[in-house]
1. Determine which member of the set L15, L43, L88, L72 is modelled with pLDDT of 90 or more and of a type in the set (A, V, I, L, M).
2. Among the residues of segment 1-55, write down those that are among the polar types (S, T, N, Q) and surrounded by 10 or more Cβ atoms within 10 Å (Cβ to Cβ).
3. Go through the residues of segment 169-184 one by one and say whether even a single one is assigned to a strand (DSSP E or B), open to solvent by less than 80 Å² (accessible area, probe 1.4 Å) and in contact (Cβ under 8 Å) with a residue 24 or more places away in the chain.
4. Name the pairs: first residue in segment 82-105 and at positive phi, second residue assigned to a loop (DSSP other than H, G, I, E, B) and open to solvent by 40 Å² or more (accessible area, probe 1.4 Å), Cβ to Cβ under 8 Å, at least 6 apart or on different chains?
5. Can you pull out the residues in segment 89-115 that are surrounded by fewer than 21 Cβ atoms within 10 Å (Cβ to Cβ), more than 18 Å from the chain's Cα centre (by Cα) and not in a loop (DSSP other than H, G, I, E, B)?
6. Return the residues of segment 116-157 that are among the hydrophobic types (A, V, I, L, M, F, W, C), in contact with a Pro (Cβ under 8 Å, 6 or more places away or on another chain), closer than 23 Å to V64 by Cβ and open to solvent by less than 50 Å² (accessible area, probe 1.4 Å); say none if nothing qualifies.
Amino acid sequence: GGVWLCIWQRGWRWLGVLPILAGCVAPWLTPGPDLLVDGEARLIAVRTDDGFMLSNHRAAGGMVAETWARRLAEDQWRDWPGPGGTSLDGQLRCEKDGCLWRHDGLKVALVRKVEALAEACAASDIVVSSEPVRGRCRSPRLVIDRFDVWRRGAHTIRFHDDGRFTIATVAGERGQRPWVRRRGRAG
């Protein structure tokens with residue numbers, strides 16, 4: 001739109017304003033992620049039905065939590081409930097070794113300790129673990145562990161109404177370019 005405005009000299013040059021306005025409105029029309037996992041699998045955030053983001057950022061803290069809060073409406077962020085607690089909407093229940101989040105009929109286990117992996121893998125559709133899983137978890141539809149985020153960077157998941165979900169990663173968005181070094185390999 002800006003190039004269109006600069007190149008043309010006639011009155012129809014003002015049609016370039018339309019793409020500019022569309023670009024300004026697009027962030028409010030694009031649904032945000034329902035689940036966020038940082039590049040170390042330590043900071044995790046989930047979206048509640050009332051639009052709030054619940055995160056364990058007190059445990060993980062740092063610049064990533066502040067950036068997420070700024071980019072996704074800072075006033076909509078809340079802390080996870082403590083061990084034995086439940087979120088206000090009843091979807092997120094936390095224990096000492098992790099949390100279980102129920103979203104649109106899916107069970108998502110958010111595991112903090114290796115000891116909770118066996119139970120989480122057996123009872124969940126999706127497992128997000130801050131510890132390496134290394135093939136110990138076969139029944140869930142999706143497993144994101146410390147090695148996955150190490151290889152692909154931060155993950156976001158957006159759930160759809162039909163039970164499907166879309167995963168976006170830093171590596172997937174960045175693509176395969178000659179100047180991007182792969183993790184675990186010499187440059």
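1. Result of the check over L15, L43, L88, L72: L15.
2. T48, S55
3. Within segment 169-184, not a single residue is assigned to a strand (DSSP E or B), open to solvent by less than 80 Å² (accessible area, probe 1.4 Å) and in contact (Cβ under 8 Å) with a residue 24 or more places away in the chain.
4. Pairs found: G98/R112; G98/K113; D104/D161.
5. Correct list: R93, E95, V114, E115.
6. I126, V127, I157 - these are the residues of segment 116-157 that are among the hydrophobic types (A, V, I, L, M, F, W, C), in contact with a Pro (Cβ under 8 Å, 6 or more places away or on another chain), closer than 23 Å to V64 by Cβ and open to solvent by less than 50 Å² (accessible area, probe 1.4 Å).
The values are calculated or read from the model by the stated rules, or taken from the named source; none is laboratory data. As the structure is a prediction and not an experimental result, all values here were calculated from the model. Don't worry about glycine lacking a Cβ; one is built from the backbone with ideal geometry, like all the others, and counts go over all protein chains shown. Ligands, DNA and RNA are excluded from the accessible area calculation, which covers all protein heavy atoms including side chains. Shrake-Rupley method; radii C 1.70, N 1.55, O 1.52, S 1.80 Å.
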